[in-house]
């Protein structure tokens, strides 16, 4: 009798199962990395939007000899391929020439406001 060389059906099925498990594990890991990358990119752009708002407030005071007026404001803008809403709250401090500015950044997605994805606090004073 000749000895048969090759794999049995059971060995082939086991190899297919191992390859399938490894493939599913790799695809799940890649999906998780993609979600983390998207979330990080969204938070980064939201932070840039918030910082831009703070810089706009500082620039607006450059040529004026007054402090920021207290109150709340909401602005919608487009940056980084997304629609954003920036909510700004300006409040008084113990110093008469200094204001506390809080900026929250939300994303508008499919007509809904999501977030906030960034929250910044700054103190802005008269030059």
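Limited to region 57-83, what total is found for residues that are out of contact with any strand residue (DSSP E or B) (no Cβ under 9 Å at 6 or more places or on another chain), closer than 19 Å to residue 118 by Cα and part of a helix (DSSP H, G or I)?
0
From the list 65, 46, which residue is surrounded by fewer than 10 Cβ atoms within 10 Å (Cβ to Cβ) and either within 19 Å of residue 125 (Cβ to Cβ) or touching a residue at least 12 places away in the same chain (Cβ under 8 Å) (or both)?
65
Given the structure, is residue 25 surrounded by 10 or more Cβ atoms within 10 Å (Cβ to Cβ) and without any contact (Cβ under 8 Å) to a residue 60 or more places away in the chain?
Yes.
Considering region 78-98 alone, what residues qualify as being in contact with a helix residue (DSSP H, G or I) (Cβ under 9 Å, 6 or more places away or on another chain) and at pLDDT below 95?
Answer for region 78-98, where residues must be in contact with a helix residue (DSSP H, G or I) (Cβ under 9 Å, 6 or more places away or on another chain) and at pLDDT below 95: 79, 80, 81, 82.
With 49, 86 as the choices, which residue is in contact with a strand residue (DSSP E or B) (Cβ under 6 Å, 6 or more places away or on another chain), in a helix (DSSP H, G or I) and within 13 Å of residue 119 (Cα to Cα)?
Every option except 49 fails the conditions.
The values are calculated or read from the model by the stated rules, or taken from the named source; none is laboratory data. Nothing here was measured: the structure is a model prediction, and the numbers come from that model. Positions of Cβ are backbone-derived with ideal geometry, glycine not excepted, and every protein chain shown enters the neighbour counts.
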